[in-house]
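One structure is given below, encoded as structure tokens.
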Amino acid sequence: MVNMGLTEKYFKWSQIVLAMLLVQVFATGMQLLSRVILVEGTFIFALMAYRHVVAAICVAPLAFYFERGQEKKFGWWVWFWLFINALTGITFAMGMFYYGLRDTTATYATNFLNLIPIVTFILSIITRIEKLKLHTRAGKMKTLGALLCVAGALTTSLYKGKEFYIGHHHIESHITVKTADAHSARGTFLLVGSCLSYSTWFIVQVKLQKVFPFKYWATMLTCIIASLQSLVIGLCLDRHKAAWKLGWNLQLVTIIYSYGSLFNTGVRLFERLRLHPGFRVRIPETATPLGATTFCLLLWVISKRGPTYPSMFNPLTLIFVALSEALVLGEAIRVGILLGTVFILLGLYSFLWGQRKEMKSLAQQRVEADEEQGKTNNEPAGSQLTATVVPSSSPTLDNNIGSDINAKDQAVHKSTV
């Protein structure tokens, strides 16, 4: 019996781990496909416009089905926050990330995605949405993690080091690497701007969720607005038909592969935001664009292990991207990127550990507060009894006790008569 229990437990654990590994594999494929089509000359704002039109079409059935019959008020204030939501989270954040990805490498750009939780934490501290809490162990670990991630980002950006290749590399790979080296400084600034924009987006989500608490409708409308924003900016930059032409090529494959990217990210944000007095915001653990398949896998894993469990696997994407880019695209692996990646991974896990401890502490405080409130509510108001009152959490039990007392009183009354 013991062996059967251990086998069943191991089988369930392996299913969860396999699901999270698949999520990271899908994310790796997205980064590599995006890198290839961008280097080949795909117009970024055309790609974004097409992607989010398809994403809006995919989310529309969910919005009309799950949130039908609910009263929705589309005032100017709602449209304002939807516009800001699309601008900060997609048009600016994703646009700068794509330009940074084109000018650098997939491994280098993925490093900056892992920095988004840290940047969000720093912005929350600056804007006084969150408190540093250095007097607690969780606060110290989060601060240490933030410092390690900043050190890793500086190491990755400023220190190059020796480079080496895995396997065979072609002449075309050298051309790609030289192009990335020529614009690496510009790409770094764009990736930093993308991190700041993503972090601002997570804070904007709090306000949007407050004025418009419909996750599917908000995601669909955000996709539509972002597509229009990308269209307007793109037409201002390039009006040639060739830039907007969509053919049967790798660009179309990338759009189909990533059709559910914002659907996944947006829904997960609304599911995992935690509102506190004073607009306290849940620091995001990931902001990697993923597809609808990964959305289903993530929901299943979260239902089994909780919302913080998937974030522990996110750094694997960085490792998978580095190895895949070196093997498939022939990119060089540099010592500076390796050292910076180690710092970022250590810092991220330290930060996530501190955040998890903080969440457990807050959950325990809520349970204790609810128990205290329940005891207060169950005490009889104005009672002069000196006997101890034991509160009951079951209304049925209270009714049964009351009926037993009434039956005994009636029996005593009849015997007296």
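Worth pointing out:
- Largest to smallest accessible area among TYR165, TYR108, TYR159 [probe 1.4 Å]: TYR159, TYR165, TYR108
- Report note on the peptides 134-145, 316-327: ranked by the mean count of other C-beta atoms within 10 Å, highest first, their order is 316-327, 134-145.
- In a DSSP loop and with at most 16 other Cβ atoms within 10 Å, the GluC sites (Glu not before Pro) in segment 53-148 are GLU67, GLU71.
- For LEU252, the solvent-accessible surface with a 1.4 Å probe is about 40 Å², rounded to the nearest 10.
- Kirkwood Rh and Cα Rg combined as Rg/Rh, segment 78-168: 1.08
- For ARG102, the solvent-accessible surface with a 1.4 Å probe is about 80 Å², rounded to the nearest 10.
- Both numbers refer to the Cα atoms of segment 1-59; Rg and Dmax are 19.6, 61 Å.
The values are calculated or read from the model by the stated rules, or taken from the named source; none is laboratory data. None of these values were measured; they are calculated from a predicted model. Virtual Cβ from ideal backbone geometry, glycine too; neighbours counted across all protein chains shown. Ligands, DNA and RNA are excluded from the accessible area calculation, which covers all protein heavy atoms including side chains. Shrake-Rupley method; radii C 1.70, N 1.55, O 1.52, S 1.80 Å.
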